[in-house]
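So the structure is just underneath, and the comments pick up after that.
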Amino acid sequence: MRTENIETVGEQIEQQEVNIVAFASQASSAKPVVKKLAPEMRKRKINFASQPTLYKRVLWRLKEDSQFQRSAIQLAFVLLCIWIGVEFYMFMQWGMTGGQEAFFERPPGVEGFLPISALMSVKHWMLSGVINNIHPSSIFILLAIIGASLALKKAFCSWLCPVGTLSEALWMLGKRIFKRDFTTPRWLDYPLRSLKYLLLFFFVNSIWQMDVFDLESFIYSPYNKVADIKMYLFFANISTFALWTIIILMVFSVFIKNFWCRFLCPYGALLGVFGWLSPLKITRNKSTCIDCELCTKACPSNIKVHKAGRVWSDECMSCMLCVESCPVKNTLDVRVTAKSTRAVPTWVYGTLVAGLFVAITGLAMLTGNWANGISKEEYRRRFQQLDNPVYQHFRGEVPQYGPND
Ligand code: SF4
Ligand code: SF4
């Protein structure tokens, strides 16, 4: 009985393959209409409402719906950043009032917003073997993000980064209002995309030329010790020019998908370089693809997915929008190699993105490299001296400082 069943299933699969080949050959002569897709070729429609309870429905969606999973992880990360922001605000209130307000510990997670300092700290660690105690968590946050890119392409940008989440919300808003996609023409797209690499080159080249002495001069400088405080004050007392720059970037982001991320973010450029090395890539099965171009239309990074065998582009953020939009079974998914017989389920992907981040930052906490070594008393003193010239920096140069600064 069991053997008969297996044979029947085998015949069905063969029949499906015949249908797929027939459909694919039709596709080469005329653009097929997705509606004409044979039922057995279509991706299974998932009926979440069939689950008996809300709890089971949510669990089911987390497993089966990559966009639901991505939104959940994005939301969790935004909430985490808001929590860090609130804690840092309380810490700042204590510091700026000279200790009048209640003391709140500075949240080490704020160092995730100091990527230049983190790059210097990582190089310093590599050259000296020492994890500095000024901004140690920045090192692990940067390594977690690079590690996630090496394994999973630029997944950090579309699954975790709060700026990426805001960018996505803005272009979705634009699409809802204007009911259309605005794209930059190819001749403009390439030069604009290279801007972020120029910015990255500028930072990496400056850090490349620094030896251990230079790096230590910066890392242990009064300026770097309060870099997070300066960043807060920059936004709290934002200049008209900076405010307008942010507003203009946000307006552009409504019209052009991920404007900041695609054209200007040097962090995104760095992750694009590491992500290029990742073995996990969006892979298209050319023999079953019907050239409907839905994947290309869905891609926020303007990648011609319907023409690629494997998506090698440094712009791919592993958002899975193309995979989700493909109507044909087993045609577009994430694979380790083009010949891999098994696709990586998208829930594994999302779990890995968040898991790697939690594991590496958790390692920093377990090894005592999360909180910095600046005491409450030292912070109290530095808050009172913030107007002193040693806390300024001029075009990347930190001023001379003495042993008591
Ligand atoms: S190729 Fe797919 S996964 Fe990559 S950015 Fe485009 S839509 Fe997202
Ligand atoms: S891979 Fe792209 S073009 Fe091919 S069937 Fe899927 S959505 Fe259509």
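Tabulated results
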item: Gain in span if fully extended, Trp208 to Tyr401, counting 0.36 nm per residue against the direct Cα distance; result: 67.2 nm
item: Those Cys residues of the chain for which no other cysteine Cβ falls under 4.7 Å; result: Cys81, Cys157, Cys161, Cys261, Cys265, Cys289, Cys292, Cys299, Cys316, Cys319, Cys326
item: Sequence-distant residues sharing a close amide H with Ile290 (under 5 Å, placed H); result: none
item: The chain: DSSP helices with Cα axial extent of at least 18 Å and average Kyte-Doolittle hydropathy no lower than 1.6; result: 136-152, 240-255, 346-366
item: ³J(HN,Hα), Karplus 6.51/-1.76/1.60, whole Hz, each residue of segment 299-305, x for Gly, Pro; result: 6, x, 9, 6, 8, 7, 4
item: Viscosity 0.890 mPa s, 25 °C: Kirkwood-radius Stokes-Einstein D of the chain over Cα pairs, µm²/s; result: 102 µm²/s
item: Label point 7 Å beyond Cα of Arg380 along Cβ direction - residues of segment 84-112 with amide nitrogen under 12 Å; result: 95, 98-101, 103
item: Cα→Cβ-extended label distance, 7 Å offset, between Thr245 and Val130, nm; result: 3.3 nm
item: Whichever lysines have a C-alpha closer than 17 Å to that of Lys225, once near sequence neighbours (fewer than 8 apart) are set aside; result: Lys376
item: Long pairs among Lys63/Lys307; Lys45/Lys286; Lys56/Lys153; Lys45/Lys281, criterion Cα-Cα beyond 26 Å; result: Lys63/Lys307; Lys56/Lys153
item: Computed lengthening from Thr341 to Glu40, 0.36 nm per intervening residue step minus Cα-Cα distance; result: 106.4 nm
item: Ranking by accessible area, most exposed first, for Met231, Met126, Met320 with a 1.4 Å probe; result: Met126, Met231, Met320
item: The chain: antiparallel DSSP beta bridges as a percent of all, rounded to 5; result: 90 percent
item: Computed lengthening from Leu277 to Leu80, 0.36 nm per intervening residue step minus Cα-Cα distance; result: 68.0 nm
item: Carbon/sulfur fraction of accessible area - the chain, other protein chains in place, 1.4 Å, %; result: 65 percent
item: The chain: relative contact order as a whole-number percent, Cα under 8 Å and 6+ apart; result: 25 percent
item: Residues of segment 281-343: accessible area per residue with a 1.4 Å probe, Å²; result: 43 Å²
item: Low-density loop cleavage sites - GluC sites (Glu not before Pro) in segment 56-118, where at most 14 other Cβ are within 10 Å (DSSP); result: Glu101, Glu105
item: Inter-site label distance for Asp387 and Gln93 at 7 Å from Cα along Cβ, in nm; result: 2.4 nm
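The values are calculated or read from the model by the stated rules, or taken from the named source; none is laboratory data. Everything quoted here is computed from the prediction, not taken from an experiment. With ideal geometry, Cβ positions are generated from the backbone for all residues, glycine too; neighbour counts draw on all protein chains shown. These area figures cover heavy atoms from the full protein model, side chains too; ligands, DNA and RNA do not enter into them. Shrake-Rupley method; radii C 1.70, N 1.55, O 1.52, S 1.80 Å.
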